[in-house]
Amino acid sequence: MAQLWGGRFTKETDQMVYAFNASIGFDKRLLPQDIRGSLAHVRTLEKAGILTEEESARIREGLEGILQDVQAGTLPVDETCEDVHSFVESVLTKRIGELGKKLHTGRSRNDQVALDMRLYTRDKVKETDELVKSLLEALYDVMAANTQTFMPGFTHLQKAQPVTLAHHFGAYFEMLRRDRERLADIYRRMNYCPLGAGALAGTTYPLDRALTASLLGFAGPTRNSMDSVSDRDYLLEFLSALSIIMMHLSRFCEEIIIWNSDEYRFVEIDDAYSTGSSIMPQKKNPDIAELVRGKTGRVYGALFGLLTTMKGIPLAYNKDMQEDKEGSFDAMDTAAACLRLFTGMIASMRFRNERMAASAAGGFTNATDAADYLVRKGVPFRDAHGIVGRMVLACMEKGCALDALSMEELRGFCDQIDEDFYEAVSLETCVKARLTAGGPGPEAMEAYLKECKAYLS
Ligand code: ARG
């Protein structure tokens, strides 16, 4: 077992203690980031005159060889090492000799791991943004094809007013657009380099931290060395953004599960995204949607886990912070998989437009419009509300829609009703009349889609 300390110890570490303390089992995925960070560190050491040009080149060549060999599978990660940092340093020293031991000059594992995790997370923020963007593109395609697909809009899961499928999807488009804004915001705030903070109090070597930062694509170095090694805010922010993304996907999944049910049949999930039952031959279950909804819990779990881990830690680094990794990695993997699968499910889903329109026509979603019609004929709104309520009750008894009542029946409720009533309460009219910006009306929707398209390109 390779450990980076031991000089002041007189006894071997207990085996169980060693295993409990080790992090290589999960931080090995930071190897590319660890090497990238070391490559930049070596250049900064060279600039400070701590390494000669020749030494710097040899160390960098050694580091690049390790990365290549690990990625090619010819150098297995030795899991008896304490962590990924010890592994890289021990292989380097084996390969290039004594010179390898100079790599860690002016650096601590505290700023090293802070850097590795930040580099890893920064890439994941970008990757998540790209996945959300792909989903937005899939949503846009559905919206553009369905501006005339009428469906009931719901409140309390009860049919409320008619909308269109494009309008309904537009709501999710907005949620996910905000998610991208959150990611961009996190990226901007986290994009500072902690390397050079040392263990906590900086270092006595004249390291040009601005150089390290720029070599690694950061906007600059972090501003306080104690904060640099103990800050995991960026990770909490990212987990929080991922939790909100998952919450959005989960709500969408819930709707898709309902819409895919035999009672609704608004959509049909593609066979490729459904699974069967081992006992009931007729079943085609929306498992992917259910799993995405279910996995939301573990992403929230990672956020709450880390918030709780961080809450009592005094400055600066404490080993508690090693616990920032497993839950975060799991949350990042989970959210990425959910985004990928959800996008595929939406892109392959069949929309049953006729079922949606029939549902919108059958559920008195035009009752508000009927009341508005009476208002236009001079009836005060409160009276109109009562009249239409009585009409709905009568229709429920008859089992018909408002516009299935005859003119005679209609006049029995209110003698101000004319032939133009039928046109006024048709689904087309009800949607068309909702002309306010942000509404489902055709003009508002056209302007909205144009804006969405410009946003995506
Ligand atoms: N494995 C550690 C972590 O993930 C690396 C930093 C160790 N630092 C230390 N002082 N023991 O946090």
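Here, each number is a calculation from the coordinates, and none is a lab measurement. All figures in this text were calculated on a predicted structure; none of them were measured in a lab. Virtual Cβ from ideal backbone geometry, glycine too; neighbours counted across all protein chains shown.
Take the Cα of Arg251, step 7 Å toward its Cβ, do the same at Thr52, and the gap between the two points is 6.5 nm. Cross-link partners of Lys101 among aspartates and glutamates, defined as those whose alpha carbon lies under 19 angstrom from its own and excluding same-chain residues fewer than eight positions apart: Asp34, Glu46, Glu53, Glu54, Glu55, Glu61, Glu64, Asp78, Glu82, Asp83, Glu89, Asp111. Listed by Cβ neighbour count within 10 Å, with the fewest neighbours leading, Ser406, Ser274 appear as Ser406, Ser274. Seen through its C-alpha gyration tensor, with square-root eigenvalues sorted a ≥ b ≥ c, the range 271-391 comes out oblate because a/c lies at 1.5 or above while a/b is not bigger than b/c. Computed from the C-beta positions of Asn224 and Lys311, the FRET efficiency with R₀ = 25 Å rounds to 0.80. Treating cross-link reach as a plain straight distance, find the lysines whose alpha-carbon is under 25 Å from the alpha-carbon of Lys377, omitting any fewer than eight places away in the same chain. Qualifying lysines at Cα under 25 Å: Lys432. With 24 Å as the limit on Cα-Cα distance, the pairs of Lys94/Lys126; Lys47/Lys126; Lys28/Lys94; Lys126/Lys311 that go past it are Lys94/Lys126; Lys47/Lys126; Lys126/Lys311. Relative contact order, whole percent, for the chain stands at 16, derived from Cα pairs under 8 Å and 6 or more residues apart.
Each of Leu135, Leu39, Ala197 was scored by the projection of its Cα onto the charge dipole of the chain, and the greatest displacement toward the positive side belongs to Ala197; charges sit on the C-beta of Lys, Arg, Asp and Glu.
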